[in-house]
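Student: First the structure, then my questions, so here it is.
The values are calculated or read from the model by the stated rules, or taken from the named source; none is laboratory data. As the structure is a computational prediction, the values presented were derived from the model and not from experiment. With ideal geometry, Cβ positions are generated from the backbone for all residues, glycine too; neighbour counts draw on all protein chains shown.
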C-alpha cells in the first residue's frame with residue numbers, strides 16, 4: 001500500500017515534505033531519530049526546492065536510480081521560455097543539490113570518498129544515507145516537450161532538405177523526428193507552442209526574453 005502520510009521539516013529556512021517513512025530510528029546510535037535521504041527522497045527535495053524558489057519560470061525534472069553498490073539522482077533544469085537556465089540560478093540549484101550526496105569520486109586515486117561532515121534540518125534532526133551521486137544538468141530531460149522545443153528552435157532545414165520530408169520547415173522537422181516520438185508527443189508539442197507565449201507573459205518574462213521563444 002502506498003504511503004500517503006507526510007512529514008514536514010525545515011532546511012535553510014524552507015519547508016519540505018517527504019513520506020512519513022523518511023523518519024527512522026538509528027538502532028546503532030541509541031535509537032536517534034534521523035531523516036532517511038535515499039535517492040528517491042533526495043530527488044523529491046531538490047525538485048521541491050526549485051519549485052519553491054523559482055516557481056514556474058524554471059522547469060525541473062528529478063529522477064532517482066538505485067543499483068548494485070550505490071544510487072544516484074539526475075536533475076534537469078530549463079527556463080520556461082526554452083533557453084538555458086541563467087548561470088546564477090543553475091549554480092544555486094547545483095549548490096543546494098550537493099548538500100544531499102554521500103561524497104565524491106576521486107579520479108586520481110580511483111576511489112569514492114565519503115563525506116565526514118554532518119548535515120541536519122533546522123531543528124537539529126540529522127540527514128543520513130544520501131545517494132552516491134547527484135547530477136544537475138542545464139538542459140531539458142530527453143524526450144520531454146521542452147527537449148523537442150529546443151530541437152525545433154535549433155533545427156537546420158538545410159541539413160534535411162529532402163522534398164519527401166514535406167513542404168514547410170515544420171513539416172520537415174516533424175517528419176525527420178517523429179520516429180523518435182512516443183504517442184501524443186506531436187499533439188503536446190503543438191499545444192505547448194501555441195499556449196507558451198501567453199503563459200510566459202503571465203510569468204513576467206520581458207520582451208527580450210520572449211524573443212528567445214521559438
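Student: Please enumerate the residues belonging to region 173-195 that are over 22 Å from the mean Cα position of the chain (by Cα) and under 17 Å from residue 82 (Cβ atoms).
Tutor: Correct list: 173, 177, 190, 191, 194, 195.
Student: What tally of residues in region 84-96 results from selecting those that are touching a helix residue (DSSP H, G or I) at 6+ places or on another chain (Cβ under 8 Å) and at pLDDT below 95?
Tutor: Residues meeting the conditions: 2.
Student: May I ask you to list the residues in region 27-45 that are in contact (Cβ under 8 Å) with a residue 24 or more places away in the chain and either within 22 Å of the chain's Cα centre (by Cα) or surrounded by fewer than 14 Cβ atoms within 10 Å (Cβ to Cβ) (or both)?
Tutor: Filtering region 27-45 down to residues in contact (Cβ under 8 Å) with a residue 24 or more places away in the chain leaves 32-40, 42-45.
Passing the criteria: 32, 33, 35, 36, 37, 38, 39, 40, 42, 43, 44, 45.
Student: While we're looking at this one, here's another question. Here is a check on your reading of the model: is residue 24 within 18 Å of residue 131 (Cα to Cα), touching a strand residue (DSSP E or B) at 6+ places or on another chain (Cβ under 8 Å) and part of a helix (DSSP H, G or I)?
Tutor: Details: within 18 Å of residue 131 (Cα to Cα): yes; touching a strand residue (DSSP E or B) at 6+ places or on another chain (Cβ under 8 Å): yes; part of a helix (DSSP H, G or I): no.
No, not satisfied.
Student: Residue 148 passes all but one of (1) farther than 29 Å from residue 13 by Cβ; (2) more than 17 Å from the chain's Cα centre (by Cα); which number fails?
Tutor: Condition not satisfied by residue 148: (2).
Student: Looking at this structure, is residue 56 closer than 30 Å to residue 152 by Cβ and either buried (at least 18 other Cβ atoms within 10 Å of the Cβ) or outside the structural domain of residue 127 (by TED's automatic domain parsing) (or both)?
Tutor: No: the conditions fail for residue 56.
Student: Continuing with the same structure: How many residues does region 65-83 hold that are in a strand (DSSP E or B) and either more than 18 Å from residue 16 (Cα to Cα) or out of contact with any helix residue (DSSP H, G or I) (no Cβ under 7 Å at 6 or more places or on another chain) (or both)? It would help to see each step written out before you state the result.
Tutor: Going through region 65-83, the residues in a strand (DSSP E or B) turn out to be 65-67, 70-79.
Then keep just the ones that are either more than 18 Å from residue 16 (Cα to Cα) or out of contact with any helix residue (DSSP H, G or I) (no Cβ under 7 Å at 6 or more places or on another chain) (or both); that gives 65-67, 70-72, 74, 76-79.
Adding up the residues that qualify gives 11.
Student: Let me ask something else about it. Got a sec? Which of 172, 178 is modelled with pLDDT under 90 and in a helix (DSSP H, G or I)?
Tutor: On the way: 178 fails: modelled with pLDDT under 90.
Just one listed residue meets the conditions, 172.
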